[in-house]
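Right, one structure below, let's go through it.
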Amino acid sequence: MLAMSDAQFNQVDVSSWRVRDEEPAGDDEKVWLTAPDGPDWLFKPVTEHERLGFVQGEDWSEKVSSELAALLGVPCAKVELAVRRGREGSISLDLTPPGWQLQPGSVLLAGTAGDYIPGDRARRGHSLVNIERALEGFDPPPGATVPDGFSAFDVFAGFLVLDAWIANRDRHDENWAVLLPPPPDESKPGRLAGSYDHATSLGFNLQDAERDRRLQGGTVEAWAKRGDAYRFEWPRGRKQDVPTLVDFAATATSMRPPAVRSYWVSRLAAIEGQAVADLVARVPGMSQLACRFVLELTSINRERLLNVLA
């Protein structure tokens, strides 16, 4: 199924781009850069484990996840592979339209959910019920190609379908946001921001020996089923009760009209394995084992989702 592509994704050298400012959110070294033609992009370097001689795949994971989001129809930040002063990574285009304000979910929930506790270990208040309520009155992201009448939460449910497909466990309250219009348009509806920050997906931090062992031993599915929605409120405050990403996506879609679930099911069902294979084959420097693992993982999760959502 894997085939080399003549149209590999480009790696953009951003070494000369002007630094706008540092990114305060998250634990990794990130920096906002302004491209020569004007737009701002967030550069995120890969993690290097010098002692182990191992480099994680946050760059290709971020890029591949954004392309898979496009296949699924989930509005997502534009991502490119990048290198800055010899350090490889990725760049994500700023989702904030000129004059608008991007407000993370943590801020929105703090003003709308009485049981939300920022930074709580058990994620209290970061729940689907509170998110659905907080997003009332918000429109889908700018440029979203979803059916007419879709609400912001209908699209957010699609975010969770994407997360389950790509094994993204990192949808915490800073990893989704809304966009607030500028003056004098404050009375106009705000919008859900497109999905972003998918670097910790697709088994990005596995070494090839581990990928090979799981592929050879048929244990990729067992690995996939360990993916849970621990970044959201823990039922009864216990980690062992946290649902899988697949079950969590099913719960989110079940909260909406049947047409919403049908839409995301139809989008996912239409994506063939060859489309994913063609995509990963375009990533320069991605190992064959990483490609094979991503294909196996996304195939397994796709079937798990379709079985639960059907």
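What follows is calculated from the coordinates using simple rules that are stated; it is not laboratory data. Remember, it's a predicted structure, so these values are computed and weren't measured experimentally. Every residue, glycine among them, receives a Cβ derived from its backbone with ideal geometry; neighbour counts consider all protein chains shown.
Using alpha carbon coordinates only, what is the Rg to Rh ratio of segment 145-203, with Rh defined as the Kirkwood radius? Write out the running numbers ahead of the final one.
Values: Rg = 13.6 Å, Rh = 12.9 Å.
Taking Rg over the Kirkwood Rh, I get 1.05.
Based on the Kirkwood radius over alpha-carbon pairs, what value in µm²/s does the Stokes-Einstein equation return for the translational diffusion coefficient of segment 11-93 at 25 °C and 0.890 mPa s?
Values: Rh = 13.3 Å.
Diffusion coefficient, whole number: 184 µm²/s.
Using the C-alpha atoms of segment 175-238, what convex hull volume per residue, in cubic angstrom, is computed? Display every interim value, and only then the final one.
Working: hull volume 8.9 nm³, N = 64.
Here the figure is 139 Å³ per residue.
What FRET efficiency comes out for the pair V55/A222, r = Cβ-Cβ distance, R0 = 25 Å, nearest 0.05?
For V55 and A222, the calculated efficiency is 0.45.
Please list 183-190, 68-75 highest first by mean number of surrounding beta-carbon atoms within 10 Å per residue.
For the peptides 183-190, 68-75, the packing ranking is 68-75, 183-190.
Return a whole-number percent for the relative contact order of the chain, with Cα pairs under 8 Å and 6 or more residues apart as the contact set. Intermediate values should be presented prior to the final figure.
On the way: 541 pairs, mean separation 66.2, N = 310.
Relative CO of the chain lands at 21 percent.
Between Rg and the Kirkwood Rh of the chain, both from Cα atoms, what is the Rg to Rh ratio?
0.95
For V55, which sequence-distant residues (separation of 5 or more, or a different chain) have an amide H within less than 5 Å of its own amide H, given hydrogens modelled in the peptide plane?
Placed amide hydrogens put H49 under 5 Å from V55.
How far, in nm, would the chain grow between D208 and T112 when pulled straight, counting 0.36 nm per residue and subtracting the alpha carbon separation?
Here the segment from D208 to T112 would lengthen by 30.1 nm.
Hey, can you rank 209-221, 88-100, 166-178 by average C-beta count inside 10 Å, highest first? Numbers along the way, then the final one.
Values: 209-221: 14.2, 88-100: 18.5, 166-178: 21.3.
Result, highest mean Cβ count within 10 Å first: 166-178, 88-100, 209-221.
If you average 1/r over all unlike Cα pairs in segment 23-166 and invert the result, what Kirkwood radius do you get in angstrom?
After inverting the pairwise mean of 1/r, the radius is 17.4 Å.
Roughly how many Å is it from the Cα centre of segment 231-310 to that of segment 208-228, as a whole number?
Using only Cα atoms to place each centre, the spacing works out to 16 Å.
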